[in-house]
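S.K.: Quick one: structure below, then a few questions.
The values are calculated or read from the model by the stated rules, or taken from the named source; none is laboratory data. All of these numbers come straight from a predicted model, not from anything done at the bench. Please note: Cβ atoms are built from the backbone with ideal geometry, for glycine as well, and neighbour counts cover all protein chains shown. The accessibility values were calculated without ligands, DNA or RNA, using every heavy atom of the protein model including side chains. Shrake-Rupley method; radii C 1.70, N 1.55, O 1.52, S 1.80 Å.
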Amino acid sequence: MPGTYKWTPATKVLAGLMITVAFVSAVMSSCGPGKPAAQAEWPQPEWPRPEVVWPDGQPTGPLESDTWVEAVRTSSFELDMAIATRDFSARALRDTAPRVRRETRDYLEDTARDEAWVFIPGPRPMIPIHVDEAPDGRSATVITCSAADWYVTAEHPEAPTDPPGTLLETRVVFEDGRRRVDQGEALDEDAVMNTMGAFVAEAAEPFLDPREDSSCLLEDAARGYFVPPPEIGLEYSPNDIK
């Protein structure tokens, strides 16, 4: 059962990498609302991908059917799946996320050399807060509350029940028939509330977190877990990362 979590330096660095580096992915425009990310129209990597179970139900809410939000969710899902399987060969990453794929893979290789193995229990918890679509409909920015620390290790095998959240602003563009996620950047809470406009502030206010190490609350975020769960006792080498 998921529990509280004490984060190691390795997991904090990796969590920071996932948030601060630009992550790029794509969703075919034919992927309609509610289609599970694992079933997106991409050739799958050769290694088995785990299933995802949602004990309390999949994410729901007024923004979940928004195509820009779907693109962000799929991008995040594919990266989390790559970390879970140590397999970065999925075309969704190989063709459209070269930098984040390379940097994340390099980091996992470094931690394997240091015997600081990191595992992920499921898709990163996320709540979409606001979508600002450009007048021409060709781009949008999506603000989310995303889990900053969502990793497990042999020393701390239980997924956190109340992970700290980070406010992220992600730009998505529509080109070549796809919604492409260009960048995810951490937002300062003051900027969200005071400089981004009344609509953003109104949408974000219910999610603000008074804790020092967290900018937003994830208590209402759906929790999904990989089945089978990660083998947190596995001691893999850099050569095991594809």
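S.K.: Can you list which of the GluC sites (Glu not before Pro) found in region 204-242 are DSSP loop residues with at most 10 other C-beta atoms within 10 Å?
M.R.: E212, E235
S.K.: What number comes out for accessible area per residue over region 88-242 if the probe is 1.4 Å? Units Å², please.
M.R.: For region 88-242, the per-residue accessible area is 48 Å².
S.K.: For region 156-212, just say rounded, prolate or oblate: build the C-alpha gyration tensor, square-root its eigenvalues into a ≥ b ≥ c, call rounded for a/c under 1.5, and beyond that prolate if a/b exceeds b/c, oblate if not.
M.R.: Cα axes put region 156-212 in the oblate bin.
S.K.: Around S139, which amide H atoms from residues at least 5 apart in sequence, or from another chain, sit under 5 Å from its own amide H, with H modelled in the peptide plane?
M.R.: Here A134, F174 satisfy the definition.
S.K.: Using θ = phi - 60° and the Karplus curve 6.51 cos²θ - 1.76 cosθ + 1.60, what whole-Hz ³J(HN,Hα) does each residue of region 117-131 get, with Gly and Pro shown as x?
M.R.: 5, 10, 9, 10, x, x, x, 4, x, 8, 10, x, 10, 7, 10
S.K.: Peptides 140-150, 192-202: what's the order by average Cβ count within 10 Å, highest mean first?
M.R.: 140-150, 192-202
S.K.: For A148, list long-range residues whose amide hydrogen, built 1.01 Å from N in the peptide plane, is under 5 Å from its own amide hydrogen.
M.R.: Long-range HN contacts for A148: G165, T166.
S.K.: Follow-up. Using alpha-carbon positions, what is the distance between the centroids of region 56-77 and region 156-203, in Å?
M.R.: Their Cα centres are 13 Å away from one another.
S.K.: If ligands, DNA and RNA are left out, what is the accessible area of D162 with a 1.4 Å probe, given in Å² to the nearest 10?
M.R.: Per-residue accessible area (D162): approximately 70 Å².
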